[in-house]
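First the structure, in the form of structure tokens, and then the observations on it.
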Amino acid sequence: MRQLTSLLLLGTLGLLGGCTQSSSSLTQTLALAFEGPQGVAITPQKIAQLPYASMLAQQNSSPEALLVLAWSENNPHASSNNIPPNLKWLSANKEMVVTRAGRIIKTINLGGGNITKLSSNTIDPIILGLQKESTPKYWKYQLSWQPGYHSKYNAESHFVIQGHAQLTLPIEGTVDTLLVYETVTIPRLDSTYTNTYWLNPDNGTVLKSVQTLAPSLSTMTLTQGKAFGEQQ
């Protein structure tokens with residue numbers, strides 16, 4: 001995540017069509033969120049005073065950036081199958097991370113490459129709640145990414161619950177979590193990598209994660225700031 005300048009804040013307005021927040025209020029929020037060097041000026045007090053949901057994002061070993069929730073988009077037939085909305089998190093540098101139930105399903109403008117699509121005919125076990133014994137611990141899906149022509153590669157995930165672990169969040173402080181490892185295999189490339197999730201043990205909400213976007217792409221660390229649904 002690159003350090004942002006005040007002039008770049010004006011450029012975000014072109015991305016806000018259809019957003020539930022007003023352009024003026026989101027611009028003010030972004031200005032508040034991104035003033036000062038990233039990884040230095042981010043404090044629990046700053047996160048708490050933002051009027052919208054937010055999260056900390058770190059690409060590989062770069063400094064943390066504070067992303068603000070710009071859109072919440074319901075999926076088709078979401079009410080009938082309990083699929084949560086796609087949450088679109090925006091930086092003032094026009095970088096975007098799209099998550100569903102805490103999983104990264106798309107990225108835009110990230111240096112080094114982006115997920116372009118993630119799809120499956122079955123429900124992500126993270127959505128079903130990995131804390132439940134009845135939830136499958138195996139999932140198959142298709143993953144597309146760039147650069148290069150990487151379209152609809154079959155992927156397989158195996159989840160292993162490691163047990164309880166303590167996690168410190170910016171606002172909530174130290175909380176108890178359920179630590180889960182996800183081993184992702186792309187058979188066509190003979191490639192394997194591991195994602196890590198810290199879940200709320202009661203409802204399965206992802207509080208923090210370390211996710212590799214795709215083979216040879218970046219690793220993203222996402223940490224809950226102000227949770228979706230708790231914004232003012």
Check your understanding: If the cut-off is 16 Å between C-alpha atoms, which aspartates and glutamates fall inside it for residue 140, apart from same-chain ones fewer than 8 positions away?
Key -> 124, 156, 182, 190
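Using a Förster distance of 25 angstrom, determine the FRET efficiency expected from the C-beta separation of residue 121 and residue 181, and round it to 0.05. Intermediate results must be reported in sequence, preceding the final value.
On the way: r = 24 Å, r/R0 = 0.97.
My answer for the efficiency is 0.55.
So how much slack lies between residue 135 and residue 168, counting 0.36 nm per residue of separation and subtracting their Cα-Cα distance, in nm? Mind dumping the intermediate values first?
On the way: separation 33, 0.36 × 33 = 11.88 nm, distance 2.66 nm.
Computed gain between residue 135 and residue 168 is 9.2 nm.
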Revision key, fill the gap. Quick calc: nm separation of the 7 Å Cα→Cβ label points for residue 75 and residue 43 -> 3.9
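Just order 88-99, 176-187 by mean Cβ neighbour count inside 10 Å, highest at the front, would you? Each step should come with its number before you reach the end.
Details: 88-99: 21.9, 176-187: 17.1.
In descending order of packing, they fall as 88-99, 176-187.
Where a number appears in this text, it was derived from the coordinates with a stated rule and is not lab data. Note that the structure is predicted; figures quoted are calculated from it, not measured. Quick reminder, even Gly has a Cβ in these numbers, built from the backbone with ideal geometry, and neighbours come from all protein chains shown.
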